[in-house]
Amino acid sequence: DNVAEADYDTVFYPGGHGPLWDLPEDRHSIALIAAFLAAGKPIALVCHEPGVLRHVKTPAGRPLVEGKHVTGFSNSEEAGVGLIEVVPFLVEDELKALGGLYAKVEDWASYVVSDGLLITGQNPASSAATSARLLEQLKAS
């Protein structure tokens, strides 16, 4: 709650199941993401963390991911780890329900999608490529 966008060039959400239970609902996280984007700063989220975008809105009050190309942990990957019935929501389903233009590749392969300032990676194998894409975008700006 004491992290300020003005102090950083970007924010990177690294993934993992755990944050699905708190970060998507955390008003500080939601505000932080919105502040970075409003300041024209890129953000990157990989694996389960694109799910933290579920309550982030555009200035017009629309879901941030609506109409944006995104990826994140797929339903088939969640089934593969046996946690479909455990997680509070499925990242793929949530991004689609919010109007995101969700895409994926085969399970466990590295895959990164960029749309403007938003960079998303599909799964743990995508972490390095997502970080590299974020660094490329920072260098370009």
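The values are calculated or read from the model by the stated rules, or taken from the named source; none is laboratory data. Since the model is a prediction, treat every value here as computed from it, not as a measurement. Cβ sites come from the backbone with ideal geometry, for glycine too, and all protein chains shown count toward neighbours. Side chains included, ligands, DNA and RNA excluded: accessible areas come from the protein's heavy atoms. Shrake-Rupley method; radii C 1.70, N 1.55, O 1.52, S 1.80 Å.
Here is how the numbers come out for the structure above:
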read-out	value
Flag for V81 being under 20 Å from T130 (Cβ atoms) and surrounded by 14 or more Cβ atoms within 10 Å (Cβ to Cβ)	no
Within the stretch 31-42, considering residues that are hydrophobic (A, V, I, L, M, F, W, C) and under 16 Å from T120 (Cα atoms), the one surrounded by the most Cβ atoms within 10 Å (Cβ to Cβ)	I33
Search result, residues across the stretch 1-49 that are in contact with a Phe, Trp or Tyr (Cβ under 9 Å, 6 or more places away or on another chain) and part of a helix (DSSP H, G or I)	E5, P19, L20, L23, P24, S29, I33, F36, E49
Subset of the stretch 1-23 that is touching a Pro at 6+ places or on another chain (Cβ under 8 Å) and crowded, with 16+ Cβ neighbours inside 10 Å - its residue that is modelled with the lowest pLDDT	G15
Verdict on L134 being surrounded by 14 or more Cβ atoms within 10 Å (Cβ to Cβ), at pLDDT 95 or above and either in contact with a helix residue (DSSP H, G or I) (Cβ under 8 Å, 6 or more places away or on another chain) or not hydrophobic (A, V, I, L, M, F, W, C) (or both)	no
Tally, over the stretch 103-131, of residues that are open to solvent by 40 Å² or more (accessible area, probe 1.4 Å), touching a helix residue (DSSP H, G or I) at 6+ places or on another chain (Cβ under 8 Å) and at negative phi	6
Qualifying residue in the stretch 83-92 (condition: of a type outside the set (A, V, I, L, M, F, W, C) and within 17 Å of L64 (Cβ to Cβ))	yes
Positions within the stretch 96-141 being assigned to a loop (DSSP other than H, G, I, E, B), more than 13 Å from V65 (Cβ to Cβ) and not aliphatic (A, V, I, L, M), in sequence order	K104, E106, D107, W108, S110, Y111, Q122, N123, S141
Residue count, the stretch 50-80 (criterion: part of a loop (DSSP other than H, G, I, E, B) and either closer than 21 Å to V3 by Cβ or not charged (D, E, K, R) (or both))	12
Test: residue in the stretch 88-95 that is out of contact with any Leu (no Cβ under 6 Å at 6 or more places or on another chain) and of a type in the set (F, W, Y)	yes
Selection status of S74, buried (at least 20 other Cβ atoms within 10 Å of the Cβ) and free of Cβ contacts under 8 Å to residues at least 24 places away in the same chain	no
